[in-house]
Amino acid sequence: MMGFMSEPIRISAPAGVAPAAQYSHVVTATGRLVAVSGQLALDEDGKLVGPGDPAAQARQVFENLDRCLTAAGAGFEHVVKLTYFVTDMAHMPAVRAARSAHIPDDRLPASSAIQVAGLVSPDFLMEIEALAVLPDTGPTTA
């Protein structure tokens, strides 16, 4: 049986809700769910990238998200939800710039941004998790 996934439908301004410029209020899709745990600004050796630099950390986090999605057979085109945990909302422009390098503005996923008191180490400025939807090809084994 061929896998099925609907093209994600993005709704940036549902009736009665103020339009969203930086995300979609609603994204719907049918298929296999891929959950990517929150990613930090760590390189492949587990070393922090960009101490104190939100732009460098955001770029590394999105590179890590890309690698995780690829490992699941997905890409940013399949992402339907991003959740941002930042230690300071002032880091969001750097996050949006890094996101724009991977996701065009006309395909923005649903998103939530949460300012947190801290992450696993005070050196980390952000953690980002993703949900993606792939074609449903039936049961898989790892």
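Points to keep in mind about this one:
- Of the residues making up the stretch 21-51, those that are outside any strand (DSSP E or B), free of Cβ contacts under 8 Å to residues at least 40 places away in the same chain, out of contact with any helix residue (DSSP H, G or I) (no Cβ under 6 Å at 6 or more places or on another chain) and of a type outside the set (Lys, Arg) are Ala21, Asp43, Glu44, Asp45, Gly46.
- Gly16 vs. criteria loosely packed, with under 13 Cβ neighbours inside 10 Å and in contact with a Ser or Thr (Cβ under 7 Å, 6 or more places away or on another chain): no
- Taken over the stretch 108-123, the criterion of being surrounded by 10 or more Cβ atoms within 10 Å (Cβ to Cβ) and part of a loop (DSSP other than H, G, I, E, B) is satisfied by Leu108, Pro109, Val116, Leu119, Asp123.
- Just one of the listed residues (Thr87, Thr70) is hydroxyl-bearing (Ser, Thr, Tyr), modelled with pLDDT of 95 or more and farther than 19 Å from Thr137 by Cα, and it is Thr87.
- Flag if Ala94 is under 12 Å from the mean Cα position of the chain (by Cα), outside any loop (DSSP other than H, G, I, E, B) and over 12 Å from Glu129 (Cβ atoms): no
The values are calculated or read from the model by the stated rules, or taken from the named source; none is laboratory data. All of these numbers come straight from a predicted model, not from anything done at the bench. Here the Cβ is made from the backbone with ideal geometry for all residues, glycine too, and neighbour counts use every protein chain on show.
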